[in-house]
Ligand SMILES: Nc1ncnc2c1ncn2[C@@H]1O[C@H](COP(=O)(O)OP(=O)(O)OP(=O)(O)O)[C@@H](O)[C@H]1O
Ligand SMILES: [Mg+2]
């Protein structure tokens with residue numbers, strides 16, 4: 001019997017060790033969560049004391065002890081309201097003692113991480129006097145697996161789960177809350193994969209996708225079946241942008257027309273953007289993706305300079321006015337600063353949602369976060385080249401978080417776009433830019449020196 005127990009223990013230990021190395025997510029669910037919960041509960045009081053998160057006994061407790069001739073009472077730690085295991089870690093909810101504040105906890109997160117033996121700890125104030133510590137049990141960004149997103153009827157119809165946050169939560173891109181976004185990063189840092197994930201998230205929704213891909217279309221053209229309009233060079237891009245500005249004007253005319261009816265009806269809501277219109281009349285929202293935006297702002301001749309000015313003007317107009325017409329910009333580039341010329345900083349200021357992948361210098365990171373948070377600038381520079389896809393993203397609370405999108409291959413994205421091809425709306429104003437999805441013949445392009453294979 002004794003031998004049997006020893007064998008079982010050895011097998012379980014070896015299995016746990018193997019799982020921990022090979023499948024950290026499974027290890028966490030099977031063993032890690034229980035072990036970490038026990039560890040935290042056992043060490044809780046001493047860790048809180050060591051991290052300076054206790055308060056000395058109050059005057060009345062001291063007086064009571066003195067009257068009862070008892071030893072001096074100990075300092076008290078914050079009360080544990082709840083300890084809840086999650087798929088990736090633990091959530092510890094604490095009730096603060098008088099005199100403590102949420103900043104004490106956010107300043108101590110790194111010390112708590114070491115003391116509790118966790119991978120990451122972040123803190124946030126839930127309400128006055130209650131702080132939540134979110135802890136991750138293993139490096140969730142090493143191999144990203146997205147959990148099933150929570151859906152509810154009250155949620156925005158344009159909210160796309162796009163990446164995983166360091167604390168194990170899902171990072172959403174919500175176009176109604178943050179209409180325009182800017183994604184920066186050095187070459188090979190994972191911008192196009194991030195954008196591909198966005199397209200995959202948007203493909204099943206009622207939305208028109210319009211794209212400009214100045215890398216001759218290598219990133220977006222394979223997804224063409226789900227796109228209502230695409231451009232792969234600055235000349236076509238200019239025509240496409242001007243057509244989109246015209247589409248925006250049409251949408252505003254429609255909203256105006258509806259407003260006149262509403263004014264005549266005393267109690268009706270008056271529409272000021274497409275979401276106020278009745279569903280039957282509402283134009284399809286448009287998400288407009290631009291990859292390698294700097295290409296649109298470069299010029300080598302006078303003609304190209306004129307074209308550049310018109311492109312940037314159109315982009316600024318879309319960023320300024322597009323939101324209410326349901327046009328949302330998603331711009332990707334390596335750098336997006338004033339060295340690209342007039343109008344760029346004005347455009348950048350309109351792009352609220354910021355994401356920075358690995359950057360090579362501080363000025364590039366500052367283009368994304370300089371005016372938001374110096375810590376985020378530092379975090380973006382510290383991303384290692386070995387971990388493409390890791391990025392720093394601003395969130396709706398004004399804070400920031402490290403995120404990583406799942407490594408979706410182009411094949412998977414193409415399959416998904418093809419599966420949702422029937423959702424691609426026809427936008428009459430952009431009909432001329434609807435990509436042709438005829439079969440491509442490789443013989444038409446040949447740059448390699450190798451002789452063609454003849455069977
Ligand atoms: N989220 C991710 N997880 C794992 N690997 C990734 C991720 N994102 C990108 N990569 C890897 O990094 C490589 C480069 O990614 P991507 O093409 O998106 O970079 P990029 O920033 O668009 O580069 P460029 O500026 O040259 O277009 C990909 O081929 C992929 O192997
Ligand atoms: Mg790219």
Within the set of pairs 6 or more residues apart or between chains, which connect a residue that is free of Cβ contacts under 8 Å to residues at least 60 places away in the same chain inside segment 163-184 to a residue that is surrounded by fewer than 20 Cβ atoms within 10 Å (Cβ to Cβ) and assigned to a loop (DSSP other than H, G, I, E, B) with Cβ atoms less than 8 Å apart?
170/146; 170/147; 170/149; 172/149
Quick one: residue 201 ticks every box in (1) outside any loop (DSSP other than H, G, I, E, B); (2) more than 19 Å from residue 284 (Cα to Cα); (3) in contact (Cβ under 8 Å) with a residue 24 or more places away in the chain; (4) away from ligand 2 (no atom under 16 Å from the Cβ) bar one, so which box is it?
(2)
Counting just the residues of segment 335-358 that are within 16 Å of ligand 2 (Cβ to nearest atom) and modelled with pLDDT of 90 or more, which one comes out surrounded by the most Cβ atoms within 10 Å (Cβ to Cβ)?
357
Strands (runs of 3 or more DSSP E) (entirely within segment 307-408) containing at least 3 residues that are farther than 30 Å from residue 271 by Cα
390-394, 400-404
Look at segment 140-190 and say how many of its residues are away from ligand 2 (no atom under 16 Å from the Cβ), in a loop (DSSP other than H, G, I, E, B) and touching a helix residue (DSSP H, G or I) at 6+ places or on another chain (Cβ under 7 Å).
3
Please state which one of 223, 182, 164, 209 is surrounded by 22 or more Cβ atoms within 10 Å (Cβ to Cβ), under 20 Å from residue 381 (Cα atoms) and more than 10 Å from ligand 1 (Cβ to nearest atom).
182
Per-region count, segment 269-283, residues surrounded by fewer than 16 Cβ atoms within 10 Å (Cβ to Cβ) and assigned to a loop (DSSP other than H, G, I, E, B):
8
Hey, residue 255 hits all of (1) more than 27 Å from residue 236 (Cα to Cα); (2) in a loop (DSSP other than H, G, I, E, B) but one; which does it fall short on?
(2)
Testing residue 84 on (1) under 30 Å from residue 30 (Cβ atoms); (2) in contact with a strand residue (DSSP E or B) (Cβ under 6 Å, 6 or more places away or on another chain); (3) in contact (Cβ under 8 Å) with a residue 12 or more places away in the chain; (4) not in a helix (DSSP H, G or I), one condition comes back false. Which one is that?
(3)
Just to be sure, is residue 196 within 13 Å of ligand 2 (Cβ to nearest atom), within 30 Å of residue 384 (Cβ to Cβ) and outside any loop (DSSP other than H, G, I, E, B)?
yes
Does residue 331 fit the bill of being out of contact with any helix residue (DSSP H, G or I) (no Cβ under 6 Å at 6 or more places or on another chain) and either within 16 Å of ligand 1 (Cβ to nearest atom) or free of Cβ contacts under 8 Å to residues at least 60 places away in the same chain (or both)?
yes
Taking the residues in segment 284-306 that are away from ligand 2 (no atom under 16 Å from the Cβ), outside any helix (DSSP H, G or I) and at pLDDT below 90 as candidates, determine which candidate is surrounded by the most Cβ atoms within 10 Å (Cβ to Cβ).
299
How many residues are modelled with pLDDT of 90 or more, within 19 Å of the chain's Cα centre (by Cα) and more than 19 Å from residue 19 (Cα to Cα) if we restrict to segment 124-146?
1
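The values are calculated or read from the model by the stated rules, or taken from the named source; none is laboratory data. Everything quoted here is computed from the prediction, not taken from an experiment. When we count neighbours, we look across all protein chains shown, and the Cβ atoms used for this are built from the backbone with ideal geometry, even at glycine.
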